[in-house]
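Quick notes on the structure that follows.
Any read-out appearing in this document is the output of simple, stated calculations on the displayed coordinates, not a laboratory observation. Note that the coordinates shown come from a computational prediction; the quantities given were computed from them, not determined experimentally. Backbone-built Cβ (ideal geometry, glycine too); neighbour counts: all protein chains shown.
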Amino acid sequence: MGSIVLPHLDTGWHVDQAILSEDERLVVIRFGRDHSPACMAQDEVLYRIADRVKNFAVIYLCDIDKVPDFNQMYELYDECTLMFFFRNKHMMIDLGTGDNNKIKWVLEDKQELIDIVETIYRGAKKGRGLVVSPKDYSTRHRY
């Protein structure tokens, strides 16, 4: 349901415009494949929180097969990736995993995702480029 309702960015130009056009809200973009089970699960969570974060964040979806323009630039090789932008600036978040550029796994807890989005927004409003996650994810994924 989430991947149907949430707005899709169909070209590289649309992605750029989404990032450039928002001056006051955080732009959350889910990069991945629309048909992927992980992306479907993430899209469902994003859809459920979209109304609760609409005052400070806007959520978009981008299929990396249809829009390969950013795959190399943002290293989009994972099944499902969440990235954050504020006033045309890529926002980084320290999750304790070593990769501060993006979230590369499915966050299934709505409140956790809301907390992360809100933390990034508050840090961005203060002019920070890197914010610390409200929760440490370093032990969640063991490789």
Exercise. Out of the stretch 22-71, which residues are within 18 Å of Met92 (Cα to Cα) and not in a strand (DSSP E or B)?
Worked result: Glu22, Asp23, Glu24, Arg25, Phe56, Phe70, Asn71
Problem set entry | Considering residues of the stretch 69-99 that are in contact (Cβ under 8 Å) with a residue 12 or more places away in the chain, among the aromatic types (Phe, Trp, Tyr) and under 22 Å from Arg33 (Cα atoms) only, the residue surrounded by the most Cβ atoms within 10 Å (Cβ to Cβ) | Phe84
Seminar exercise, completed: Only unsatisfied item for Pro37, checking (1) of a type outside the set (Gly, Ala, Ser); (2) out of contact with any Asp or Glu (no Cβ under 7 Å at 6 or more places or on another chain); (3) surrounded by fewer than 18 Cβ atoms within 10 Å (Cβ to Cβ); (4) more than 21 Å from Ile4 (Cα to Cα), is (4)
Problem set entry | Subset of the stretch 103-127 that is aliphatic (A, V, I, L, M), in contact (Cβ under 8 Å) with a residue 60 or more places away in the chain and in a helix (DSSP H, G or I) - its residue that is farthest from Cys80 (Cα to Cα) | Ala124
Exercise. Surrounded by fewer than 16 Cβ atoms within 10 Å (Cβ to Cβ) and either touching a Phe, Trp or Tyr at 6+ places or on another chain (Cβ under 6 Å) or polar (S, T, N, Q) (or both), is that true of Ser138?
Worked result: yes
Exercise. When only residues in the stretch 14-52 that are polar (S, T, N, Q) and in contact with a strand residue (DSSP E or B) (Cβ under 7 Å, 6 or more places away or on another chain) count, which is farthest from Asp65 (Cα to Cα)?
Worked result: Gln42
